[in-house]
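K.L.:
Quick one: the structure is below, and I'll ask about it shortly.
The values are calculated or read from the model by the stated rules, or taken from the named source; none is laboratory data. Remember, it's a predicted structure, so these values are computed and weren't measured experimentally. Because the Cβ atoms are built from the backbone with ideal geometry, glycine has one as well, and the counts that use them run over all protein chains shown. To get the accessible areas, we keep the full protein, side chains included, count just its heavy atoms, and leave off ligands, DNA and RNA. Shrake-Rupley method; radii C 1.70, N 1.55, O 1.52, S 1.80 Å.
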Amino acid sequence: MELCRSKTELRQLIAAWKREGLRIGFVPTMGALHEGHLSLMRAARQECDRIVVSIYVNPTQFDRKDDLDAYPHDPERDRDLLKTVSCDALFTINNEDMYPDDFSTWVIPEGSLVGGLCGKSRGSHFKGVTTIVTKLFNIVGAHKAFFGQKDYQQFAIIQRMVRDLDIPIEVASCPTVREADGLALSSRNQLLESTHRERSLAIAKSLAWATLSFRAGQKKASLILAEMVKRIEEAGAKVDYIEAVDCESLAPKETLDDQSVIAVAAFFGAVRLIDNHILKDDFPVQFP
Ligand code: PAF
């Protein structure tokens, strides 16, 4: 695996691969890698000749300094995991090189895609995400980039950004990977206290329950969402939001249908977890 610590180094490597006619897949990450990230790399491996992974904890997408400071990192473990999926190049960079002192150009998403869900509660989070993802797309110059469905709104915004700004890259969303007991994998899970880890299953359980209720004929979003809030709060969490939205426009839905996605964000202690499920799909884990 090549380690590229500067834009120039990475660009030279990519240019050489492109001269050989190789197809390049890209998985952007913030490190603290887990099986969810590795599944994206395996998907990239299926379709591409070379895989580039970036590890960069992007400060501009954190709206709280304590959240940025607490973000887990374990670079050695990350590098070992990358070798297990035969990653070809790892790109890391420091903040000064990514955001020079006089940095002054941002990509700012607007409209219904950012109006709800995490866009409501996380301030300038998506401005930070779209700006860094644009920069990474420009630096790497890959043919295709792979993202996880767990960050549903993030992918919808990036997909729209690629279309709106004519960025020459394909983007793909890959299924959420879960622990055997249903918890969606996230780098933040390792920050959960053990009692909260157990209780956080309420999120996946309530999404599974919502899917079954919808299939049994309940189409009224407000009734399903209210019951989900109740169940997640009973598990001791502070609900940030639970919303039913259209899977493409992310506009709120009052009447649920197959195109609806239910998305959740909730705090267990200080740890904010997100998860979602598209109602047309079976929930992948069954609960007793
Ligand atoms: O999903 C993430 O890990 C981050 O938001 C991303 C896409 C790497 C941008 O920093």
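K.L.:
Skipping prolines and chain starts, which residues have an amide H placed within reach, meaning under 5 Å, of the one on LYS220, given they are 5 or more residues away or on another chain?
P.N.:
Under 5 Å from the amide H of LYS220: LEU256.
K.L.:
Counting only helical runs of four or more DSSP H residues, what would the 222 nm mean residue ellipticity of the chain come to if each run contributes -39,500 (n - 2.57) and the total is spread over all its residues?
P.N.:
-12000 deg cm²/dmol
K.L.:
Shape verdict for segment 166-288, please, from the Cα gyration tensor: rounded (a/c under 1.5), prolate (a/b greater than b/c) or oblate.
P.N.:
Oblate shape, in that a/c is at least 1.5 and b/c is the bigger or equal ratio.
K.L.:
Along the Cα→Cβ direction, 7 angstrom out, place labels at THR105 and LYS238. What is the inter-label distance in nm?
P.N.:
Distance between label points: 3.9 nm.
K.L.:
Right, here's the next one. As I understand it, the dipole of the chain uses +1 on the Cβ of Lys and Arg and -1 on the Cβ of Asp and Glu, about the Cα centre. Which of ILE132, VAL107, VAL245 lies farthest toward its positive end?
P.N.:
Projecting each Cα onto the dipole axis, the largest value belongs to VAL245.
K.L.:
Considering the Cα positions of the chain, please state its Rg to one decimal place and its Dmax as a whole number of Å.
P.N.:
In Å, with Rg to one decimal and Dmax whole: 19.2, 58.
K.L.:
Just flag the GluC sites (Glu not before Pro) in segment 222-288 sitting in loop per DSSP whose Cβ has no more than 13 other Cβ atoms within 10 Å.
P.N.:
GLU248, GLU254
K.L.:
Shifting gears a bit: What whole number of Å gives the distance from the Cα centroid of segment 53-129 to the Cα centroid of segment 208-233?
P.N.:
Computed from Cα coordinates, the inter-centre distance equals 33 Å.
K.L.:
Also, quick follow-up: Stretch ARG11-ASP97 to full length: gain in nm at 0.36 nm per residue minus the Cα-Cα span?
P.N.:
Between ARG11 and ASP97, full extension yields 29.5 nm more.
K.L.:
Let me ask another. Only four residue types carry charge here, +1 at the Cβ of Lys and Arg and -1 at the Cβ of Asp and Glu. Report the dipole size of segment 1-159 about the Cα centre in Debye, rounded to the nearest 20.
P.N.:
Value, rounded to 20: 520 debye.
K.L.:
Got a sec to turn the phi values of segment 187-193 into Karplus ³J(HN,Hα) couplings, 6.51 cos²θ - 1.76 cosθ + 1.60 with θ = phi - 60°, whole Hz, x for Gly and Pro?
P.N.:
Ordered by residue, 3J(HN,Hα) equals 4, 6, 4, 5, 8, 6, 5 Hz.
K.L.:
Run the numbers for ARG215 and ASN138: contour at 0.36 nm per residue of separation, minus the present Cα-Cα distance, in nm.
P.N.:
23.4 nm
K.L.:
For segment 71-88, in order, what is each residue's ³J(HN,Hα) by Karplus, 6.51 cos²θ - 1.76 cosθ + 1.60 with θ = phi - 60°, in whole Hz (x at glycine and Pro)?
P.N.:
Running phi through 6.51 cos²θ - 1.76 cosθ + 1.60 with θ = phi - 60° gives 4, x, 8, 8, x, 5, 4, 4, 5, 5, 5, 4, 5, 5, 10, 6, 4, 8 Hz.
K.L.:
Ignoring ligands, DNA and RNA, what accessible area per residue does segment 144-197 give at 1.4 Å, in Å²?
P.N.:
In whole numbers, segment 144-197 has 47 Å² accessible per residue.
K.L.:
Summarise the accessible area of segment 112-172 (1.4 Å probe, protein heavy atoms) by the percent that is carbon and sulfur.
P.N.:
So the carbon and sulfur contribution to the accessible surface is 47 percent.
K.L.:
Say R0 is 51 Å: what FRET efficiency, to the nearest 0.05, do GLU20 and GLN159 get from their beta-carbon distance?
P.N.:
Step by step, r from the Cβ atoms, then E = 0.95.
K.L.:
Pull up the cross-link candidates among the lysines for LYS230, meaning alpha carbon to alpha carbon under 28 Å and not fewer than 8 places away within one chain.
P.N.:
Correct list for LYS230: LYS120, LYS150, LYS205, LYS219, LYS220, LYS238, LYS253, LYS280.
K.L.:
Next question. Given N residues in segment 1-111, what is Rg(Cα) / (2.2 N^0.38 Å)?
P.N.:
In units of the globular-protein estimate, segment 1-111 measures up at 1.16.
K.L.:
Right, next: Which whole-Hz ³J(HN,Hα) couplings does segment 215-230 yield from phi under the Karplus relation 6.51 cos²θ - 1.76 cosθ + 1.60, θ = phi - 60°, glycine and proline marked x?
P.N.:
Ordered by residue, 3J(HN,Hα) equals 5, 7, x, 7, 10, 7, 4, 4, 5, 5, 5, 4, 5, 5, 4, 4 Hz.
K.L.:
Tell me which residues come under 5 Å, amide H to amide H, from THR176 once H is placed; ignore anything under 5 positions away on its chain.
P.N.:
Correct list: GLN149, LYS150.
K.L.:
Which parts of segment 21-47 would a label at GLU76 reach, counting a residue when its backbone N lies under 16 Å from a point 7 Å out along Cα-to-Cβ?
P.N.:
Backbone N within reach: 32-33.
K.L.:
Now for a separate question. Ratio of alpha-carbon Rg to the 2.2 N^0.38 Å globular estimate for segment 139-207, to two decimals, please.
P.N.:
Dividing the Cα Rg of segment 139-207 by 2.2 N^0.38 Å gives 1.43.
K.L.:
Moving on to the next point. List the residues, sorted by chain then number, that are 5 or more residues from LYS253 or on another chain and whose placed amide H is less than 5 Å from its amide H.
P.N.:
Placed amide hydrogens put ALA244, VAL245, ASP246 under 5 Å from LYS253.
K.L.:
Each label point is 7 Å from the Cα along the Cα-to-Cβ direction; what then is the distance between the points at ALA180 and SER222, in nm?
P.N.:
Result for the modelled spin labels: 4.3 nm.
K.L.:
Where in segment 57-71 does the label zone of PHE267 land, with the point 7 angstrom along Cα→C-beta and an amide N cut-off under 16 Å?
P.N.:
63-71
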